[in-house]
Amino acid sequence: MMLSIFIEGSSDECGFIEISEETTVSQAREMILEEIEGIPAHFRFLVMNQLTNSYVKISSPQEPKKLASILLPSAVLRVEESKKKQSINEDDQYVKEAEEKHSKRELTKYFVNNFEDSDDFIDQMWKAYSSDGKEIIIDEVPIVVYFVLGMKIDASSEAFIALQSLVINLGPNSFSSNDREAYEDPKQVFTTIIKTFAPLNGLLDRLVETMKMESFFGNFTSAAAERLIKSKPASVYLIRLSNSSAGSFAITVRSETGVHHYLIARTPDHLFLLGGGKNNYKSLDDLVSANKKRLHLFVPCKGSPFRDIFHIENIKRRYSTFE
């Protein structure tokens, strides 16, 4: 089935892709990015509701797996400017104000000592920070994490730099992001970080350890990983956040026969479990080492978005703009 692509406000078709009943909206996004050169990194999918004669957004955090066939016969892309510029920038006055507010808070280890890996508990943590009713923007997510950990902020530390870099990677303008629209929501970014690196005790250490891995690409779709890996020699691999399982990781590896993906789940006691396996591991490094020969995990893929953040003296952090 052929899906025609239009930019809102123009009657000219700007491209088309071929989809099936099995194609997901996420996959359709990737194909559109490949089909249309120069398309903005951030856009919204909308379809016309014939009854109301208005556009309806069909890709939402609650429906990330919805079949792309609902877009037929055509999809309109609406490019929208944000109501408020959101950028992670150490010189931004909004961030400075948030850090100053954080420094005046009474910090406790309540959430660390009573942590539960549940949506209700994560919601409780988020609401505790936003109790003054002010909107929390993406810039503040690292500050919220430090708040629930009961820690003072050290903006020059490896942990804070890593946390900011991961927020950028999870942001809606991150190319090859798992779900751009889902990550427009700062709470979704916060939730992903907590679930991925839980429990709270030792969270920052696990985050830094993971992001120092040469093979870790963070928020990277399976389709994007496959395109990158299939051009590499056998035994090249990368580790990324899972597209399908919140809080999990995935390995994408090039073998002699093609590209393979393996899910890395988190157990209830927060160990790492390779899909289909029985052994639990304390860290991703341990898991890779134990399965290196069996899965041919010999050469970490080059090009990790985090490759420089720990290795430049007087680092000048490179920030993205969220639109």
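The values are calculated or read from the model by the stated rules, or taken from the named source; none is laboratory data. Being a predicted model, the structure only gives us computed values, none of them experimental. No Cβ is skipped: glycine too gets one built from the backbone with ideal geometry, and neighbour counts run over all protein chains shown. Heads up: the accessible areas ignore ligands, DNA and RNA and are worked out on the full protein's heavy atoms, side chains in. Shrake-Rupley method; radii C 1.70, N 1.55, O 1.52, S 1.80 Å.
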| Residue count for region 128-144, restricted to those that are among the hydrophobic types (A, V, I, L, M, F, W, C) and out of contact with any Phe, Trp or Tyr (no Cβ under 6 Å at 6 or more places or on another chain) | 4
| field | Residue list for region 254-312, filter: among the charged types (D, E, K, R) and at positive phi | value | none
| remark: Only unsatisfied item for I136, checking (1) open to solvent by 70 Å² or more (accessible area, probe 1.4 Å); (2) not in a helix (DSSP H, G or I), is (1)
| Residues being assigned to a helix (DSSP H, G or I), open to solvent by less than 70 Å² (accessible area, probe 1.4 Å) and touching a residue at least 60 places away in the same chain (Cβ under 8 Å) - total across region 106-122 | 3
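Got a sec? Which of A223, A290 is modelled with pLDDT under 90 and open to solvent by 10 Å² or more (accessible area, probe 1.4 Å)?
Every option except A223 fails the conditions.
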| task | Please enumerate the residues belonging to region 250-287 that are hydrophobic (A, V, I, L, M, F, W, C), outside any helix (DSSP H, G or I) and open to solvent by less than 20 Å² (accessible area, probe 1.4 Å). | result | A250, I251, V253, I264, F272, L274
